[in-house]
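Quick notes on the structure that follows.
The values are calculated or read from the model by the stated rules, or taken from the named source; none is laboratory data. Note that the coordinates shown come from a computational prediction; the quantities given were computed from them, not determined experimentally. Cβ sites come from the backbone with ideal geometry, for glycine too, and all protein chains shown count toward neighbours. Protein only, heavy atoms only, side chains kept; ligands, DNA and RNA dropped before computing areas. Shrake-Rupley method; radii C 1.70, N 1.55, O 1.52, S 1.80 Å.
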Amino acid sequence: MPSTRLDPTDAALPRWRHYWKLMRADRPIGTLLLLWPTWWALWLAADGLPPLWILFVFTAGVWLTRSAGCVINDYADRWLDPHVKRTKDRPLASGAVSGRSALLLFAVLMVVAFALVLTLNGLTIALSFVGVFLAASYPYLKRYTHLPQVYLGMAFGWGVPMAFAAIQGEVPALAWLLYVANILWSTAYDTWYAMVDRDDDLKMGSHSTAILFGDLDLVIQGILYTVFLGAMALVGVRAGLGVYFAAGVGVAALLVVYEFWLCRHREREACFKAFLHNNCVGAALFAGIAADLALKG
């Protein structure tokens, strides 16, 4: 059962701040990791700068769905978070926000996101229902499988086929290749995150790729990142991108090498730093895509 003891600092916060923390709006890293692949897809689908309204809908939608995902994740983990050092002070775990209020907040965020999607075409609207299912069901996977990180990639990357549908009215093979690449990337960076909590998760019976990989974690991480970067290079070939995108992939590869250097001893703080560092990887790839499309020809 979640603890109902409030930290004195938390107790002094205005009520809206508890909901702000519940949505993880004070920690934008999750939004950025969701935003980069969505922007990759928008720029590739539009062959450059996408229509401004579609760009707004997807950018706002990323923030709304990520916030909703954090709320439903904490609701699903309210049995686990009080026993994990990093999460024991989250609003649901501490009792600052009730489960019922969290579900209401989740519903409001998803309704606003869906209202934005309704301004787009029918295929994008249809695909959004799959996105809602993925976002709502992901948090429960850690109870039943060691692969919640893979499912997170499926949920985090669903904006990719939706972006192509919104701009092109279809979801071509390039979109699915980019989607698979994002699943590989999300699995890898969220495994860094899972390595932070591995000891606590083992005690509580929660599952993750960090636990599944065991002593082979760094080896399998190397495979995941290598295949991810290879898939992104193939995206560039299929999209007709050139030297600027190649440079972006090269910079991303160097950034990934730095992450492995950080995590060479598997220390908690280092693994968390490596997770955060993936924002730079996503930004480097986006810069390569945007520059190539803007400057080609």
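Peptides 126-135, 177-186: what's the order by average Cβ count within 10 Å, highest mean first?
Working: 126-135: 17.4, 177-186: 23.7.
Final packing ranking: 177-186, 126-135.
How far is it, in nm, from the label point at LEU49 to the one at ALA246 when both lie 7 Å from their Cα along the line to the Cβ?
Distance between the two pseudo-spin positions: 2.8 nm.
Simple spin-label model, 7 Å along Cα-to-Cβ: ALA60 to ARG268 in nm?
Taking the simple label geometry, ALA60 and ARG268 are separated by 4.0 nm.
At 222 nm, what helix-only mean residue ellipticity would the chain give, in deg cm²/dmol to the nearest 500, using -39500 (n - 2.57) for each DSSP H run of four or more?
Estimated from H runs of four or more residues: -24000 deg cm²/dmol.
Starting from the Cα-Cα distance between ALA173 and LEU104, subtract it from 0.36 nm times their residue separation and give me the gain in nm to one decimal. Before the final figure, lay out the partial values.
Numbers: separation 69, 0.36 × 69 = 24.84 nm, distance 3.74 nm.
Between ALA173 and LEU104, full extension yields an extra 21.1 nm.
So how long is each side of the range 59-159 along the principal axes, counting just the alpha-carbon atoms, biggest first, in Å?
Largest first, the range 59-159 extends 45, 29, 20 Å along its Cα principal axes.
Write down the accessible area per residue of the range 111-186 in Å², having rolled a 1.4 Å probe over the full set of protein chains.
I get 40 Å² per residue for the range 111-186.
Using only alpha carbon pairs under 8 Å that are at least six residues apart, calculate the relative contact order of the range 34-127 and give it in whole percent.
It rounds to 28 percent for the range 34-127.
Using a Debye calculation, one point per C-alpha and no hydration shell, please list log10 I(q)/I(0) for the chain at q = 0.12 Å⁻¹ in order.
With one equal scatterer per Cα and no solvent, log10 I(q)/I(0) is -0.79.
Enumerate lysine pairs in the chain that are 8 or more residues apart or on different chains, then count those whose Cα atoms are under 18 Å apart.
For the chain, qualifying lysine pairs total 8.
So what is the relative contact order of the chain, in percent, for Cα pairs below 8 Å that sit 6 or more residues apart?
21 percent
Using the Karplus curve 6.51 cos²θ - 1.76 cosθ + 1.60 with θ = phi - 60°, work out ³J(HN,Hα) for each residue of the range 222-230 in order, rounded to whole Hz, and write x for Gly and Pro.
x, 5, 4, 5, 5, 5, 4, 5, x
Give the whole-number value, in cubic angstrom per residue, of the convex hull volume spanned by the C-alpha atoms of the range 141-261.
Values: hull volume 12.3 nm³, N = 121.
So the per-residue hull volume is 102 Å³.
What is the gain in length, in nm to one decimal, between ARG27 and LYS203 on full extension, counting 0.36 nm per residue of separation less the C-alpha to C-alpha distance?
Using 0.36 nm per residue and subtracting the Cα-Cα distance, I get 60.7 nm.
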